[in-house]
Amino acid sequence: MDEESGMATTGSLEDRFQPSRRETKVIRADPNSRRKALALVLTGLPRGDVAAVDTFLDFASAHGYSTDLLWIAEADDGTMAGLLVMPTPGRTALMFISPTRKELQRVAVEAAVTQACREIDRTTIRLVQALLEPSQVLERKALADAGFIQLATLQYLQAVDLQRYAVRLSVPEGLSVVNWSRRTRQRFIDATLGSYESTLDCPGLVGLRRIDDILDGHMATGQFDPDLWLAFSCGDEPVGVMLLNLVLDQDAVELVYLGLCPSWRGRGLGRRLVGHAMWEADRRVARKMVLAVDQDNAPARRLYRSMGFSPTAHKYAMLCALS
């Protein structure tokens, strides 16, 4: 999905992250309360499911994810909530919160989110994101009341009939293409930034992150392979980029980002690139190809639907810019 684009916010960070008016105690979890906090995040219960906590810790350890940023909130009636902030490459973080089934749980979650956003080191984390299911209405309200905005509704798509649409790329006359390398980095930067102009894919992200952070984040999505990153130009004019990564645990290839500069949209190049992406996935004997797209990006959704992609889920992307 696209990165970067200005969002209006009201008030200072201090105003946005004031503690809730309700009496709610929030503490940073220490090593002794770590499992309790994770149990709250995963199940909503302080003792929770021991096996679920163990499974999550094993997963985090295997993938190099930190579980050090944990908070516990307790409302005035004893209702508790947990929160985990998991740093991700590109100075971002994912936030996970307790299942929220009643108003006092929502109050506890809001207090935990508010406190966490005040305490997070903003030199290492600039953006905090949360992905919520449509059913998580109270969770969305808690995040919104704590200063998050709803960035987009993301539609997750997959294609399994890769050979039907797979076509090895034939570069149109006048265009040149390069793979990622230290030498070609600037061409990727120029083409990526150019593709954000008038974008329909998560426009609220534009301008919120540095390009180095954006590229670091894309590289960390799945397994990076420089041969699967392509940047296109016409002479000195940037044209667009297509970034593919391997997702080994799903036996899939992910279309991490596809963006074209405005003058190159609507000319059939996007279809060629998606066909080539499916060719690359089929060549690697992947079982499927996956991607996420902003539900409001109607042209992209039409393209993907016409090439055999079907929806598997959709989620609300919530975002808080800390600086």
| message | Give me the net charge for the shell around ASP249: Cβ to Cβ below 13 angstrom, other residues only, Lys and Arg +1, Asp and Glu -1. | response | 0
| remark: Using alpha carbon centers only, the range 185-225 is separated from the range 240-259 by a whole-angstrom value of 14 Å
| field | Amide N proximity, the range 80-95 versus ASN32 label position 7 Å along Cα-to-Cβ, cut-off under 19 Å | value | none
| request: Enumerate the helices in the chain for which the Kyte-Doolittle hydropathy averages -1.0 or more and the C-alpha atoms extend at least 18 Å along the helix's axis, using complete DSSP H runs. | output: 50-63, 103-119, 269-283
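Grab the other residues whose beta carbon is less than 11 angstrom from that of ILE97, score K and R as +1, D and E as -1, and report the net. Intermediate values should be presented prior to the final figure.
Numbers: positive: ARG106, ARG140; negative: GLU110, GLU139.
Here the charged neighbours net out to 0.
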| note | Under 18 Å by backbone N from the virtual spin label 7 Å along Cα-to-Cβ at ARG210, the residues of the range 185-200 are 185-190, 192-193
| In nm, to one decimal, how far is the GLU103 label point from the ASP296 one, both placed 7 Å along Cα→Cβ? | 3.1 nm
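Every number in this text was worked out from the coordinates using simple rules, so none of it is lab data. Computed from a predicted structure; not experimentally measured. Cβ atoms come from the backbone with ideal geometry, glycine included; neighbour counts cover every protein chain shown.
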